[in-house]
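Everything on this sheet refers to the single structure shown next.
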Amino acid sequence: MKFDKLLTMKLAVLLLVVFYLVAYFCLGCATTSTSPPDGRIAEPTAKSLHILYFPETGHSLQSPFLAYYLSNQGLNRLGYPITEALTHEGWQVQYFQNARLEIHPENDPAYFITVGWLGQLNHRTQAPIHHQNALQDTKTEYHFFPETGHTLSGDFLTFFRANGDTVQFGRPISEPFIHRGRISQDFQSARFIWYPDLPPQARVQLEPLGETYFLSSGLSLRLLDPIPPPPNATRNEHPLVSLPENTEVKLTIETTPNPAIIRVIATFFVSDLPLENYTPLLSWGENRRELPPTRSSGQTHTLINISMSPTETFRLYTISGQKELASITY
């Protein structure tokens, strides 16, 4: 009888322990969920992603570049990836539309990944000016960079401070100058271009310097070709937007360092505000291509090889292909 009572007590204690363990782990699961309390799907983070695939360009991004990209407004500052990670000029790098990310294990941990100085590598550095010759006689706010001997002012200074400062763009390596009819200024890692005809928040645009440098680097153009996503990749998603009736559309063409490659640029504005996340369709000859969604600047672009057809008319359509929005002949 005593043995039965002892066994019953042990079973009761064991059941109580099991109950508390189950309750503890269930509570832990409930309190560590990454989903917001209102039921929305949480935004992806570097911890929740291992590989992010961009169908817009057909390339993937993974650690350690992925963490940097997600933490530094990668889409608006760097653009989409245009290659996979590769070794170039002795560094592990990855090319984006606007820049090149580089791994530097010799640096302090905070600068393990840096934005490459492609502007400087492209030999765009101009002679420094004397500080006393900087904008001291004007009322314009400016900043002088003694490290490179150049100044920054106006819309360029505002954009610089709001979008990553020296970490993203490096320091100015020129004064403003006219390039292709527009005021531009070079930095160690960027080129700013001023569009006074655009709304204030979109007047400063970035040259796609990553593309420009890649096309002059001698690297194979096949590295730009889209590849299928890895089986364990997460696809980059973006909201779909419709095209308002009063949308203004501009279609322009730029040459690149490679004479066989041109850049076709589409810009969308609604009531002087840039239209973000709209996906248009570009058509030329027998070709059709869905362009990447417009970014916060209202712009999207693509590179096109014209070596087989040097004269071409490009037409921009709604994504359904039913309405022509703009056209241009090269």
Simple label model, 7 Å out from Cα along Cβ direction - THR252 to THR87, nm = 4.0 nm
Take the Cβ-Cβ distance between GLU245 and ASP272 as r, set R0 to 22 Å, and report the resulting FRET efficiency rounded to the nearest 0.05.
-> 0.90
Label point distance in nm, ALA127-TYR142, each placed 7 Å from Cα along Cα→Cβ = 1.7 nm
Can you list residues whose amide H is under 5 Å from TYR195's amide H, if they're 5+ apart or on another chain and H is modeled 1.01 Å from N?
-> VAL204, GLN205
Would you work out which of ASN232, THR247, PHE214 lies farthest towards the positive end of the dipole of the stretch 103-250, given +1 charges on the beta-carbon of Lys and Arg and -1 on that of Asp and Glu, about the Cα centre?
-> PHE214
Taking the Cα centre of the stretch 160-229 as origin, work out the dipole magnitude from +1 charges on Lys and Arg Cβ and -1 charges on Asp and Glu Cβ, in debye rounded to 20.
-> 80 debye
Mean projection area, nm², convex hull over Cα of the stretch 98-213 = 8.0 nm²
Would you pull out the residues with amide H under 5 Å of GLN92's amide H, same chain only if 5 or more places away, H placed 1.01 Å from N?
-> ILE103
18 Å reach of a label modelled at TYR111, 7 Å along Cα-to-Cβ, counting backbone N of the stretch 170-196 | 170-173, 187-190
Over the stretch 131-206, what is the relative contact order in whole percent, taking alpha-carbon pairs under 8 Å and six or more residues apart?
-> 20 percent
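Here, each number is a calculation from the coordinates, and none is a lab measurement. Quantities reported herein were computed from a predicted structural model and do not represent experimental measurements. So basically every Cβ, Gly included, is an ideal-geometry build from the backbone, and we count neighbours across all protein chains shown.
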